[in-house]
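Accompanying notes for the structure given below.
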Amino acid sequence: MNHKIIRFSTALFIIAALFSGCGFWKKQSPPRNAPEALYQRGYEDYQRGKYKKAIEAFQRLNEEYPLSELAIMAEIGIADAYFSDKEYVDAALSYTDFINLHPLNEHVPYAHYQIAMCHYKQIDTIDRDQTETYNAKTAFERLISRFPESKFRPLAENMLKECNIKLAEHELYVGRLYFKMKKYQAALQRFEKVTKDYAGLGLEAKTNQYISETQKRLAAMEKSKIN
């Protein structure tokens with residue numbers, strides 16, 4: 001799936017390139033509590049999957065060196081560590097804080113994409129409540145609308161399609177339940193909603209079959225009433 005392309009944060013990638021390019025670490029190791037050392041510690045813990053320790057290092061960097069250029073990247077690091085640790089609520093809050101604090105930062109589109117992915121990761125099966133699916137859909141649409149030229153737009157468009165498929169499948173699931181309960185009018189409304197709101201997703205043949213059969217049942221019911 002395309003969202004797997006984003007396996008690490010833009011911030012973590014930039015800091016690795018920054019230090020490898022300038023030769024900083026080759027000259028001398030920074031003091032243990034310097035912002036560079038704290039970021040390196042967080043980065044290394046993140047790479048090892050020690051996400052809670054990474055968050056501690058990044059948070060300490062933010063608290064002790066709020067004016068450092070690394071502090072902003074540490075904020076992204078905190079959010080990414082929560083995300084990788086599957087703490088999606090905390091991750092979404094951290095990405096949102098980053099956007100609110102740095103609305104003009106170049107990594108804002110990435111933060112929007114990750115917020116949407118936080119919701120997507122919490123989507124339940126089609127027989128359950130689809131609130132998180134709607135939340136993810138809205139977040140992906142927001143990214144596409146606000147940042148049409150962003151490199152994250154193609155990823156968001158693919159994920160938006162995934163959300164719409166899940167919502168359409170949910171409507172079909174509910175429609176089939178109504179059909180089995182012989183509540184044909186309610187079933188028809190669900191099936192027709194799929195054709196109206198979720199066209200072009202490859203579900204037309206299946207949906208039209210349900211609609212046709214439901215209409216036949218409704219017609220038979222009306223005929224039996226007359227007779």
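Just one of the numbered conditions (1) over 29 Å from GLY175 (Cβ atoms); (2) more than 11 Å from the chain's Cα centre (by Cα) is not true of ILE126: (1). Residues in region 194-227 that are surrounded by 13 or more Cβ atoms within 10 Å (Cβ to Cβ) and polar (S, T, N, Q): THR195, THR207, ASN208, THR214, GLN215. Taking the listed residues PHE98, PHE83, the one that is aromatic (Phe, Trp, Tyr), surrounded by 22 or more Cβ atoms within 10 Å (Cβ to Cβ) and touching a Lys or Arg at 6+ places or on another chain (Cβ under 9 Å) is PHE83, with no other qualifying.
Have a look at ARG32, ARG7 and point out the one that is exposed (fewer than 14 other Cβ atoms within 10 Å of the Cβ), modelled with pLDDT under 95 and under 27 Å from PRO154 (Cα atoms). Spell out how you get there, then give the answer.
On the way: ARG32 fails: under 27 Å from PRO154 (Cα atoms).
Being exposed (fewer than 14 other Cβ atoms within 10 Å of the Cβ), modelled with pLDDT under 95 and under 27 Å from PRO154 (Cα atoms) holds for just one of ARG32, ARG7, which is ARG7.
In region 173-227, what residues are touching a Phe, Trp or Tyr at 6+ places or on another chain (Cβ under 6 Å), closer than 22 Å to CYS163 by Cα and of a type in the set (Lys, Arg)? Result: no residue meets the conditions. The set of residues from region 189-227 being closer than 30 Å to ASN158 by Cα and outside any helix (DSSP H, G or I) comprises TYR198, ALA199, GLY200, LEU201, GLY202, LEU203. Screening TYR134, TYR178, TYR173, TYR184 for residues that are under 23 Å from LEU203 (Cα atoms), without any contact (Cβ under 8 Å) to a residue 60 or more places away in the chain and touching an Asp or Glu at 6+ places or on another chain (Cβ under 9 Å) leaves exactly one candidate, TYR173. Every condition in (1) closer than 22 Å to GLN47 by Cα; (2) free of Cβ contacts under 8 Å to residues at least 60 places away in the same chain is met by TYR110 except one, and the failing one is (2).
Scanning region 145-161 for residues that are farther than 10 Å from PRO109 by Cβ, free of Cβ contacts under 8 Å to residues at least 40 places away in the same chain and hydrophobic (A, V, I, L, M, F, W, C) turns up just one, LEU160.
Within region 60-70, does at least one residue satisfy the condition of being touching a residue at least 40 places away in the same chain (Cβ under 8 Å) and in contact with a helix residue (DSSP H, G or I) (Cβ under 9 Å, 6 or more places away or on another chain)? Yes, some residue in region 60-70 is touching a residue at least 40 places away in the same chain (Cβ under 8 Å) and in contact with a helix residue (DSSP H, G or I) (Cβ under 9 Å, 6 or more places away or on another chain).
The condition (being touching a residue at least 40 places away in the same chain (Cβ under 8 Å) and crowded, with 16+ Cβ neighbours inside 10 Å) is satisfied by just one residue among ILE126, ILE115, ILE55, ILE78: ILE126.
The values are calculated or read from the model by the stated rules, or taken from the named source; none is laboratory data. These numbers come from a predicted model, not from an experiment. Note that we place each Cβ from the backbone using ideal geometry, even for glycine, and neighbour counts take in every protein chain shown.
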